[in-house]
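Written out below as structure tokens is the structure these notes cover.
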Amino acid sequence: MKKLLVVLFILSLLIPSMSFARDFNFGDGTSKTLVTKSWNALQTKDFEAVMAYVDKCLSRYSKKALKQQSSLTEFAPKEEANNYWALNDVATCLFIKGKALREQGKKDESIKTFEDIIKNYTYSQCWDPNGWFWKQSEGAKDQILGIQKNVDFGNYSSETLTKKCWNSLQSEQYEEVLIYTDKCVSLFGKTANEQQASLKDFASNEKAFDYWALNDVATCLYIKASALKKLGKKDEAKKVLQEIIDDYSFAQCWDTQGWFWKVSSGAKNEIVAIDMNVNFGNSSSETLTVKAWDQLGIGQHEKVAIYVDKCLELYEKKARDMQASLSDYAGSGKEFDYWALNDVATCLFVKGKSLKEQNKKDEAKKIFNEIIDNYSYAQCWDTRGWFWKPAQGAKNELDSIDLAVNFGNFTSEELTGKAWEALGLGKYNDVDKYVNKCLELYGKKARDMQASLKDYAEDGKEFDYWALNDVATCLFVQGRAYYIQGKNDEAKKVYNNIIKNYSFAQTWDTQGWFWRPIDGAKDQVLLMDTGIDFGDYTSQTLTTRAWQALDAGSYDEVLVYTRKCIQLYGKTAIDMQTKLDSYLPKDNAFDVWALNDVGTCHFIMGEAYLGKKEFKRAIDTYKTLVETYFYAQCWDTKGWFWKPAVAARGKINKIAAEHGLM
């Protein structure tokens with residue numbers, strides 16, 4: 001009895017440690033079953049189970065496996081590989097064990113296990129359910145490389161390897177890119193070559209995925225070239241890119257945004273990019289578009305073509321899909337949703353401009369027509385704060401080519417400047433082209449600005465109404481062109497359009513002030529009705545013509561010229577008067593030109609009223625001269641200045657006395 005109690009006591013001490021041991025189900029105990037259970041346990045990260053199943057397989061079948069290994073001097077052919085089941089399964093179990101140890105961070109033990117496969121189970125092969133055998137010893141080498149270089153080949157599929165290439169490129173792990181690419185090529189290069197050989201053209205979208213090996217191998221090589229380029233190994237990068245062009249010309253890469261792009265086309269673009277020393281940045285459509293604009297601005301036409309072609313390569317299909325989804329321009333707030341459409345069309349517009357600048361007019365017209373035909377609803381954001389339509393811009397550029405004029409950057413300011421220039425050169429047909437283009441592009445905006453005003457824009461705000469100002473100014477120029485050609489009826493029609501529809505427009509004069517097109521239009525109508533011509537509108541010209549009209553006894557004409565001078569320069573004259581406290585000496589008298597001419601025009605106006613026997617008006621005009629423009633001086637062609645206010649003061653008293661106006 002005493003002995004029994006001792007035994008029970010000892011067992012009670014052992015039971016706690018024994019009660020937690022796991023009971024694993026080895027199934028039928030075959031090597032095949034044990035391999036399957038090992039794989040499953042690895043998938044669920046049940047590493048204890050992995051070790052149990054692997055150890056069971058080794059204890060039962062390692063001797064048989066080693067014997068089969070010793071009977072081989074090379075890998076068994078596919079049809080005989082299953083004859084070496086023990087070798088294959090034991091090596092596979094060891095491979096799984098090595099993977100489990102690696103996932104647990106036990107790198108040294110993992111490497112030791114993989115080295116065991118390489119040394120003792122060299123000719124083992126594992127059947128892949130996708131339809132082929134893979135070699136565990138090669139897989140073991142990959143795993144050792146992965147541990148040492150911190151790479152992981154995952155499930156070894158071409159898709160996985162390609163994704164890992166992309167990810168490594170994005171994270172700037174260029175050595176990893178080379179490792180993943182080389183692995184993809186080693187595993188799937190032969191299949192890729194066979195698929196390439198079976199094609200005579202690119203596979204349709206529906207069939208493209210059937211050529212998975214071709215697509216993935218070529219894509220990996222493309223990524224490898226990008227990595228080499230980043231490493232500064234441009235010659236090696238070009239060699240890889242040329243390999244794609246030569247050996248994998250029909251490969252296509254699926255873009256996660258929803259389309260295939262042609263890897264060989266990308267390779268060609270990259271070779272050109274290397275040769276031309278261009279940088280695609282992050283290769284977004286926005287970046288490529290900006291770079292194309294930048295190169296156009298500095299006249300680098302070859303680089304323009306490279307950036308545009310890259311944008312088309314990556315985003316053309318997406319752009320066309322977006323175009324097909326629209327029946328009109330995207331509404332306000334939705335424009336940026338159609339980014340690919342907008343950027344591809346804009347890039348083509350830039351390319352067309354580049355070709356035009358190179359005088360390749362036929363090629364340029366082809367590009368512009370492509371925009372109109374295929375990207376009609378594209379919109380391009382202008383950094384000044386609005387969207388413009390590339391299709392409309394393309395039509396404008398076609399007009400520019402066909403009409404043999406250069407619309408420049410198509411801004412209202414540029415078109416107005418070119419209209420003035422054409423008027424000065426007597427190119428009246430060109431005036432019409434520039435003016436009509438300005439009206440086409442900015443007429444509505446100008447009318448909207450006019451409708452928003454009840455009076456002229458206040459000082460400092462004039463340029464806010466740029467479209468109104470430029471459209472009205474263009475019309476003024478067109479009216480002048482018609483008048484010079486003797487087309488008075490057409491000129492009047494244009495001037496009346498200004499008076500009726502653009503009454504609050506203001507034109508900046510390069511001499512430093514704004515003038516009003518409506519006033520100019522009225523003057524021009526007056527000119528046509530009366531023959532009065534204000535010439536260049538300078539105060540000197542207006543004063544001279546007032547004198548000439550006075551000498552000829554044409555008093556009504558005198559009043560027109562003098563009023564125009566006072567209207568245009570009166571404020572400047574008063575400013576000059578307020579700064580004086582005496583007459584300027586002869587050498588400086590011309591410095592106050594506006595004061596002199598406006599004061600003189602008041603004197604001439606008074607003389608005209610005298611001639612018309614309107615004595616009260618004459619006195620009032622002379623008084624204004626004396627009170628407001630007293631320090632004005634008038635140059636006499638005989639060689640001296642005389643003082644209009646002094647002369648006027650004497651006339652006031654005389655007229656008042658003679659006509660009872662005291």
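Annotations for the structure displayed:
- Within the stretch 624-652, residues that are in a helix (DSSP H, G or I) sit with their Cβ atoms under 6 Å from residues that are of a type in the set (Ser, Thr, Tyr), at 6+ positions apart or across chains, in these pairs: Pro644/Thr600; Ala648/Tyr622; Lys651/Tyr622; Ile652/Tyr622.
- Failed item in (1) of a type in the set (A, V, I, L, M, F, W, C); (2) assigned to a helix (DSSP H, G or I); (3) open to solvent by less than 40 Å² (accessible area, probe 1.4 Å); (4) closer than 19 Å to Trp642 by Cα, with Leu580 passing the rest: (2)
- Scan of the stretch 411-466 for residues that are among the polar types (S, T, N, Q) and either within 27 Å of the chain's Cα centre (by Cα) or surrounded by 15 or more Cβ atoms within 10 Å (Cβ to Cβ) (or both), ordered by number: Thr411, Ser412, Thr416, Asn436, Gln450
- Qualifying residue in the stretch 319-329 (condition: more than 16 Å from Gln257 (Cα to Cα), touching a residue at least 40 places away in the same chain (Cβ under 8 Å) and open to solvent by less than 40 Å² (accessible area, probe 1.4 Å)): yes
- Only a single criterion out of (1) in contact (Cβ under 8 Å) with a residue 12 or more places away in the chain; (2) over 19 Å from Ile604 (Cα atoms) is not satisfied by Ile574, namely (2).
- Single residue of Thr621, Thr600 found to be in contact with a Cys (Cβ under 6 Å, 6 or more places away or on another chain) and assigned to a helix (DSSP H, G or I): Thr600
- Number of the condition not met by Thr473 [criteria: (1) without any contact (Cβ under 8 Å) to a residue 40 or more places away in the chain; (2) buried (at least 18 other Cβ atoms within 10 Å of the Cβ); (3) among the hydroxyl-bearing types (Ser, Thr, Tyr)]: (1)
- Subset of the stretch 550-577 [open to solvent by less than 60 Å² (accessible area, probe 1.4 Å) and not in a helix (DSSP H, G or I)]: Gly553, Ser554
- Condition check for Tyr555: in contact with a Lys or Arg (Cβ under 9 Å, 6 or more places away or on another chain), farther than 27 Å from Gln450 by Cβ and aromatic (Phe, Trp, Tyr): yes
- Condition check for Lys492: touching a residue at least 12 places away in the same chain (Cβ under 8 Å) and under 30 Å from Asp529 (Cα atoms): yes
- Counted residues, the stretch 45-65 - those being open to solvent by 80 Å² or more (accessible area, probe 1.4 Å) and touching a residue at least 12 places away in the same chain (Cβ under 8 Å): 4
- Summed over the stretch 210-248, the residues that are open to solvent by 70 Å² or more (accessible area, probe 1.4 Å), at pLDDT below 95 and polar (S, T, N, Q) give a count of 0.
- Qualifying residue in the stretch 67-84 (condition: open to solvent by less than 30 Å² (accessible area, probe 1.4 Å), closer than 22 Å to Gln143 by Cα and among the small types (Gly, Ala, Ser)): no
- A single member of Ala213, Ala203, Ala218, Ala227 is over 16 Å from Trp166 (Cβ atoms) and in a helix (DSSP H, G or I), and it is Ala213.
- Selection count where residues are under 37 Å from the mean Cα position of the chain (by Cα) and surrounded by 18 or more Cβ atoms within 10 Å (Cβ to Cβ), scope the stretch 193-209: 3
- Figure legend. Inter-residue proximity from the stretch 91-114: first residues of a type in the set (Ser, Thr, Tyr), second residues assigned to a loop (DSSP other than H, G, I, E, B), beta-carbon distance below 9 Å, spacing 6+ or different chains. Indicated pairs: Thr92/Ser124; Ser110/Gln104.
- Answer from Asp533, Asp519 - the residue that is acidic (Asp, Glu), in a helix (DSSP H, G or I) and open to solvent by less than 70 Å² (accessible area, probe 1.4 Å): Asp519
- Matching residues, the stretch 253-282, being open to solvent by less than 20 Å² (accessible area, probe 1.4 Å), among the small types (Gly, Ala, Ser) and more than 12 Å from Asn215 (Cβ to Cβ): Gly266, Ala267, Ala273
- Unmet requirement for Phe504, which otherwise passes all of (1) within 29 Å of Ala632 (Cα to Cα); (2) touching a residue at least 40 places away in the same chain (Cβ under 8 Å): (1)
- Which numbered condition Glu172 fails, given (1) in a helix (DSSP H, G or I); (2) within 23 Å of Ala227 (Cβ to Cβ): (1)
- Of residues in the stretch 583-596 being in a helix (DSSP H, G or I) and open to solvent by 30 Å² or more (accessible area, probe 1.4 Å), the one farthest from Thr621 (Cα to Cα): Asp587
- Residues of the stretch 374-396 that are within 18 Å of Asp343 (Cβ to Cβ) and part of a helix (DSSP H, G or I): Asn374, Pro390, Ala391, Gln392, Gly393, Ala394.
- Options Tyr315, Tyr338; residue that is more than 18 Å from Lys395 (Cα to Cα) and modelled with pLDDT of 95 or more: Tyr338
The values are calculated or read from the model by the stated rules, or taken from the named source; none is laboratory data. If you're wondering where the values come from, they're calculated on a predicted model, not measured in any experiment. All Cβ positions, even for glycine, are placed from backbone atoms using ideal geometry, and neighbour counts span all protein chains on display. The area values use the complete protein model at the heavy-atom level, side chains included, leaving out ligands, DNA and RNA. Shrake-Rupley method; radii C 1.70, N 1.55, O 1.52, S 1.80 Å.
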